[in-house]
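Trainee: Here it is, the structure, as structure tokens.
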Amino acid sequence: MKLRVRLFAGVKQLVGHDTVEVEFAEGVNTTVAQLREQLLTQYPTLTSLVGRCMFAVDNEYASEDQRLDNGTEVACIPPVSGG
């Protein structure tokens with residue numbers, strides 16, 4: 001199964017791309033939590049940031065146990081600061 005993950009702000013800068021593909025074994029129930037772990041495996045530079053990121057699935061914020069299906073678009077959104 002392949003997921004397309006859109007990256008924003010600091011995550012995009014650390015990876016060097018605005019979109020990445022993440023692959024999982026077919027037939028496995030994949031969750032946002034597993035996606036977070038896979039991103040850390042593929043991109044160790046994200047260690048300091050990805051744990052604080054929110055994920056959106058099909059334009060809706062998702063919980064850690066949200067199930068992901070093949071072809072689902074996911075956004076990785078880092079924390080925002082400012083005033």
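The values are calculated or read from the model by the stated rules, or taken from the named source; none is laboratory data. What you see is a predicted model; the values in this text were computed from it and never measured. For the accessible areas, the whole protein counts, side chains as well, though only heavy atoms, and no ligand, DNA or RNA atoms are used. Shrake-Rupley method; radii C 1.70, N 1.55, O 1.52, S 1.80 Å.
Trainee: Residues of the chain: accessible area per residue at 1.4 Å, in Å²?
Mentor: In whole numbers, the chain has 62 Å² accessible per residue.
Trainee: Further, regarding this structure: How large, in Å, is the chain by the Kirkwood hydrodynamic radius built from its alpha-carbon pairs?
Mentor: For the chain, the Kirkwood estimate is 12.8 Å.
Trainee: If you roll a 1.4 Å probe over the chain with all protein chains in place, what percent of the accessible area is carbon or sulfur?
Mentor: 47 percent
Trainee: Another one. Once you have the Cα-Cα distance between Asn70 and His17, take 0.36 nm times their residue separation minus that, and quote the gain in nm to one decimal.
Mentor: Gain in length upon complete extension: 17.0 nm.
Trainee: With every protein chain kept in the model, how would you rank Ser48, Ser63 by accessible area, 1.4 Å probe, largest at the top?
Mentor: Result, largest first: Ser48, Ser63.
Trainee: At a threshold of 8 angstrom on Cα-Cα distance, excluding pairs fewer than six apart, so keeping six or more, what relative contact order does segment 4-83 reach in percent?
Mentor: Reported relative contact order: 39 percent.
Trainee: Here is a follow-up. Subtracting the Cα-Cα distance from 0.36 nm times the residue separation, let me have the gained length for Ala9 to Val80 in nm, one decimal.
Mentor: 24.7 nm
Trainee: Taking only Cα atoms, what is the 0 to 90° angle, nearest 10, from helix 32-42's long axis to the longest principal axis of the chain?
Mentor: So the inclination is approximately 70 degrees.
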